[in-house]
Structure formats: structure tokens, C-alpha cells
1. What's the whole-number percent of alpha carbon pairs in the chain lying beyond 14 angstrom?
2. Mind checking the dipole of the chain: about its Cα centre, +1 per Lys or Arg Cβ, -1 per Asp or Glu Cβ, Debye to the nearest 20?
3. Please give me, ordered by residue number, the chymotrypsin sites (Phe, Trp or Tyr not before Pro) of region 1-77 that lie in loop per DSSP and have at most 13 other Cβ atoms within 10 Å.
4. Can you tell which of 38, 18, 63 lies farthest toward the positive end of the dipole of the chain, using +1 and -1 charges on the Cβ of basic and acidic side chains (Lys, Arg; Asp, Glu)?
5. For the chain, find the longest principal axis of its Cα atoms and tell me its angle to the long axis of helix 45-78, 0 to 90°, nearest 10.
6. What does the charge count near residue 64 come to, summing +1 for each Lys or Arg and -1 for each Asp or Glu among other residues with Cβ under 13 Å from its Cβ?
7. For helix 14-35, what angle does its Cα long axis make with the longest principal axis of the chain, in degrees from 0 to 90 and rounded to 10?
8. Please compute the length gained on full extension between residue 63 and residue 82, using 0.36 nm multiplied by the number of residues separating them and subtracting their Cα-Cα distance.
Amino acid sequence: MTKKQAPGPRYAGQGHAMQIEGAVAILIAVVVIGVALAVFGPQEPNGIVMLALGAISGAAGVVRLYRGTTFRSIEERVGPSLFEPDSD
């Protein structure tokens, strides 16, 4: 029987890195949506596809930002002992 570990931060600073990645994904989504509206408009098929891609990227960024915030709070609460090897 193997011991299952709950998903959590795997290395020190992972939460902060995830927050940055999420913010970048959201900024990319905003740029893609802005370009889609400026170039194609909301009525063209290409514009609709780009709007959908921007929405997906934005949603992924929000999830990444949320998880990064959660991981960062775990890291701050538990401290460096979170990343020490198990003594089993």
C-alpha cells in the first residue's frame, strides 16, 4: 500500500512562481481579446475563435493565480519543514 500525498507545493517558491504565471496568462488573454476585437470584430468567425482562445487562456490564468495564492499561504504557514524529506 502506497501513501498518497495531497497535491501541494513541491518546492520552495512554487506558489509565487504560479502567481506570476497566472498573471502573465491573464495579460496574454487580455491582449488576444483586444486584438481580436480590434482586427476582426465580434461578428467575424476568426474574431470569435480568438475571443474563445483568450477566454480559455484567461480562465487558466485565474486558476493558476488562485492555486499559487493557496500554495503560497501553505508555504508561509508551514515554513521550510514542508520541503524537508519524509523521515519514514
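Since every read-out is calculated from the coordinates, none of them should be taken as a lab result. Keep in mind that this is a model prediction, so the values were computed, not measured. Quick reminder, even Gly has a Cβ in these numbers, built from the backbone with ideal geometry, and neighbours come from all protein chains shown.
1. Tail of P(r) above 14 Å: 69 percent of Cα pairs.
2. 140 debye
3. Passing both the DSSP loop test and the Cβ count: 11.
4. Of 38, 18, 63, it is 63.
5. The two axes meet at around 20 degrees.
6. +1
7. Its long axis makes an angle of about 0 degrees.
8. Once the chain is fully extended between residue 63 and residue 82, it gains 4.6 nm.
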